[in-house]
1. Inspect region B:118-132 for any residue being touching a Phe, Trp or Tyr at 6+ places or on another chain (Cβ under 9 Å), more than 8 Å from every other protein chain (Cβ to nearest Cβ) and assigned to a loop (DSSP other than H, G, I, E, B) and give the result as yes or no.
2. Would you check which residues across region A:305-330 are among the acidic types (Asp, Glu) and either free of Cβ contacts under 8 Å to residues at least 60 places away in the same chain or out of contact with any helix residue (DSSP H, G or I) (no Cβ under 8 Å at 6 or more places or on another chain) (or both) and list them?
3. Among strands (runs of 3 or more DSSP E) lying entirely in region A:316-433, which contain 1 or more residues that are among the aliphatic types (A, V, I, L, M) and assigned by TED's automatic domain parsing to the domain that holds residue A:481?
4. Please determine whether any residue of region A:524-547 is among the basic types (Lys, Arg) and modelled with pLDDT under 95.
5. Among B:377, B:385, which is the only one that is modelled with pLDDT of 95 or more and open to solvent by 20 Å² or more (accessible area, probe 1.4 Å)?
6. Please go through region B:133-148 and pick out each residue that is crowded, with 18+ Cβ neighbours inside 10 Å, closer than 20 Å to residue B:232 by Cβ and facing chain A (nearest Cβ under 10 Å).
7. Any residue that is closer than 24 Å to residue B:424 by Cβ and either of a type outside the set (Phe, Trp, Tyr) or modelled with pLDDT of 95 or more (or both) - is there at least one of those in region B:556-569?
8. I'm checking my understanding of the structure. Among residues of region B:1-52 that are part of a loop (DSSP other than H, G, I, E, B), modelled with pLDDT of 95 or more and over 24 Å from residue A:206 (Cβ atoms), which one is least open to solvent (accessible area, probe 1.4 Å)?
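The values are calculated or read from the model by the stated rules, or taken from the named source; none is laboratory data. All of these numbers come straight from a predicted model, not from anything done at the bench. Backbone-built Cβ (ideal geometry, glycine too); neighbour counts: all protein chains shown. Surface areas here come from the heavy atoms of the whole protein model, side chains and all, with no ligands, DNA or RNA. Shrake-Rupley method; radii C 1.70, N 1.55, O 1.52, S 1.80 Å.
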Protein chains: 2
Amino acid sequence: MMRTHTCGELRITDTGKKVTLAGWIQRSRDLGGMTFIDLRDRYGITQLAFNMETQSDLCRQARELGREYVVQAIGKVVERSSKNRKNPTGEIEIIVQELKVLNPAETPPFTIEDETDGGDDLRMKYRYLDIRRNPVRQNLELRHKMAIETRNYLNNVDFIEVETPVLIKSTPEGARDFLVPSRMNAGQFYALPQSPQTFKQLLMISGLDRYFQIVKCFRDEDLRADRQPEFTQIDCEMSFVTRDDVLETFEGLARHLFKQVKNIDNVTFDRMSYHDAMKYYGTDKPDTRFGMRMGELNEYARDKGFKVFDDAELVVGINAAGCAGYTRKQLDALTDWVRRPQIGAKGLVYVKCNEDGSFKSSVDKFFDQDQLKSWADALDAQPGDLLLVLAGDDAATRKAMGELRLEMANRLELRDPNTFSCLWVVDFPLLEWDDETRRYYAMHHPFTAPLEEDMDKLNSDPGNVRANAYDMVINGVEIGGGSIRIFDRDMQAKMFEVLGFTPEEAQSQFGFLMDAFRYGAPPHGGVAFGFDRWCSLFGGSESIRDYIAFPKNNAGRDVMIDSPSEVDEKQLEELSLKLKK
Amino acid sequence: MMRTHTCGELRITDTGKKVTLAGWIQRSRDLGGMTFIDLRDRYGITQLAFNMETQSDLCRQARELGREYVVQAIGKVVERSSKNRKNPTGEIEIIVQELKVLNPAETPPFTIEDETDGGDDLRMKYRYLDIRRNPVRQNLELRHKMAIETRNYLNNVDFIEVETPVLIKSTPEGARDFLVPSRMNAGQFYALPQSPQTFKQLLMISGLDRYFQIVKCFRDEDLRADRQPEFTQIDCEMSFVTRDDVLETFEGLARHLFKQVKNIDNVTFDRMSYHDAMKYYGTDKPDTRFGMRMGELNEYARDKGFKVFDDAELVVGINAAGCAGYTRKQLDALTDWVRRPQIGAKGLVYVKCNEDGSFKSSVDKFFDQDQLKSWADALDAQPGDLLLVLAGDDAATRKAMGELRLEMANRLELRDPNTFSCLWVVDFPLLEWDDETRRYYAMHHPFTAPLEEDMDKLNSDPGNVRANAYDMVINGVEIGGGSIRIFDRDMQAKMFEVLGFTPEEAQSQFGFLMDAFRYGAPPHGGVAFGFDRWCSLFGGSESIRDYIAFPKNNAGRDVMIDSPSEVDEKQLEELSLKLKK
């Protein structure tokens, strides 16, 4: 036995016991007469004590141990004279009787501390050292707990986890696939799944009724900070359900995770139409921790002689409560902020609602006090508030105002990461028109059912058909999304037609699903959650990378193992492939 | 709401309730006055009743529904006059008041019954229909339960599940990798993991202490009936452990699964050296549900003038208890059996131990009664038993006798699938010599530690070094295996040298692990279980395919989705690849 206890386990009640511990040297302090070593493992830190007078050899040996040495110590638990109440083991220490170096360590390239001196690149190259740090280890522990609790919840409500295949078939619809050449079928390829969508629908057709899987998915897309080529979904599907059955089931999951992982009770979920989300928040994933809803000012602001507004499709404002005192400098900074290319507004109009009931604005030349008051009323402003107004094309201006709303909330510290506001956004458009390829694309995916009441517009006005689709949004982050699916073969064929597939293309790519619809497909629907993102939301981080043990960088590389890499010519030959120079 | 209850839920206590059910039509019986429909879902079957007299329209509608139609029925729960005690819902039926066809079904290509008329190929093509059958669905339910219980057990003893990457790096050592071309890094490739071996070792170096993962692994090998290109492992690793710590931990897991999944208590694990396994069972995965251990007869059988034995390296026998009455025909059949190329023996010698104490053998010409008695004594035979003896090269003959032992046990019905005999085989050889490539290969893998006491033979006599490796064997099936790992950089370098790697090759392929050993690697060891195989063992099947939702055939094809398949030229271009014609 290499240890009797972990480094997080011993308490004052263990005093007098002879114990064996093993772990890493976090730090050592040489106080002349005494040497102290903090011994660390995953579970905690325990202090080892060496007395120069009574154990000079052992003490000298201890003094030579460097940081991150792996050692085993045998000794006696004693009460500490100066206790450390912050450390659960801080009331005791070990008077070491035997000490053994299990493995020495070179000085690590960065400090193994909560706040490290290592930059991102270095930490990724030595990720195994980075994970020794508390914050990274705790992220992985949180992720583990999220997974265990997700499984237990879903298992308890009769979901079965089924593993769907990783080596599947490439379909051009959607994002770009990773391909896997087949050796046994020369010239042919598997693809890695972007999601198990068709398989989970087949599992509903197979009668499994309630399926889930925590599963790796893959997209060969150019990467951004919060995207990874491989990512993890909580993938779920249910039969014989309406939309509300699905929403209630997964509100239950969310409530369970809030309770078990964050110890938060009484979480409620609002429902908001896509239309309202865009109208009031300028985004389909509104952060509803705070109000500051957008208000349209067209009727109060246009046709009053201010050309910028008169030419605009939309004049829209928000009320930054209590900000009437903003200085010229602050307002200029905000104007610069909205003019950044990422936001793309031409300018920013402000109206200060003064404490005396008067108004001061950047467009005083064009609008009198009564007119400005009508804006303030429309935006529900009080004396002391600041109105911020943008104008321009409808879609772009709404989006820009949505961004400005978030920025103002950041400045006003209205986005507390420990407050959670949850909602479902529902009734998304079914289709999006793409000007470049001159065709419709499915906003969610081609298997999403239209809303019953919009069915008849599928021929006449496809762009205005709403989908029976929904996204779970928490604090402005899209945690997951799903839909009620098409389960009728003719309807699915119609959908492929609307998306510009020939019947032959539909058959060759999705024939197995279309065929399955012939044999008794039940009504079904489901949802998929971005597991990495949910973990990062609960952990309070913006980057999903912090919650992935071995993430890839933005070039899709694992810098630790140096992958991808070149392979032997012989391997390519076996796969009937050649590199194109 | 599409249903108020499932088809497995209603009992006599629900009588009088108005309910809505939904499911598939299993069968319908038209008895003139009454029509009965068995409505099926995952949870069970409930009988729907239609009365021709009182509800003629509804009854006529019901009669037209075909097998596997998906319907919704609203009606009242009533007590059945003729009860079916075998069905949990068999005391009630539903007098249907409303009936709605949710989706019609074409006649399925095979019957959806426990015993189907569908052949293997057809069932695989329509796997979603196959899964509707009870035995297949139950296999997937068993798998789900195994996974949940595995996770709960390991979570309870402080293991953390960590997802390791799927897109990793190709290494020529071991089996053939599946490659994934990288678009962003032209000419470079990821590989799919054959196991997360190096990652789990890095997680130990990162201090995670106890790791597990239920994880897909991939091997591009030619397939046999019980191999799949993608398969699932329960992958585990622990720090600061000796071999016995690992064995005890996973005996605990096995006992937990036996109890929770099979309701079997008091499972014990024997330990047997590789040497003894080969000596007494002719295999490194002995089926110990029965004895019939092999006994060497060299000293009793050689140098007595029978040339076949005199020329043999090994004469070895088993005692088939109670088989002295075998007929000439039965013995000839056994002889034919051992001569099959898969077994490869030249012939079979038998000795009948007659009830009167005399012996009758196929080699009476060469051996007298006393000599035959010495064989019988060596094999612990009693009157009425039958000795079966093979001779030849040591390794081949042991193996053949091991097979004959299993065959005799099959004939004697000693291999009850509901009896479980568990053991660890330990002290495997570290290395295997390959005559063709004239080098040693690691029997387990290059990261396995030699036994402490054999260390010094690593230079002088590498072929006789034993590994600190172990396999879990249940009923002759290797369920899992693992080892204590090398955690010292110099020792790992030495191992690569013995395996014929140049230092440069070792560094380029496993440099990240060798480097990690510099920074304080703890002693560690682990194990990986074949999850598909464990499920099939517990489910009583010989084929892992029965426990995989969507398996591939022996050509690596998914015949349901028709994959692998050809891809667009454009996709290959993006990957800088060309097909080699």
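1. yes
2. Hits for region A:305-330 are A:310, A:311.
3. The qualifying strands (runs of 3 or more DSSP E) are A:422-426.
4. The answer is yes; a qualifying residue exists.
5. Values: B:385 fails: open to solvent by 20 Å² or more (accessible area, probe 1.4 Å).
Matching residue, one of B:377, B:385: B:377.
6. Residues satisfying the conditions are B:136, B:137, B:140, B:143, B:144, B:145, B:147, B:148.
7. The answer is no; no qualifying residue exists.
8. In this case the residue turns out to be B:16.
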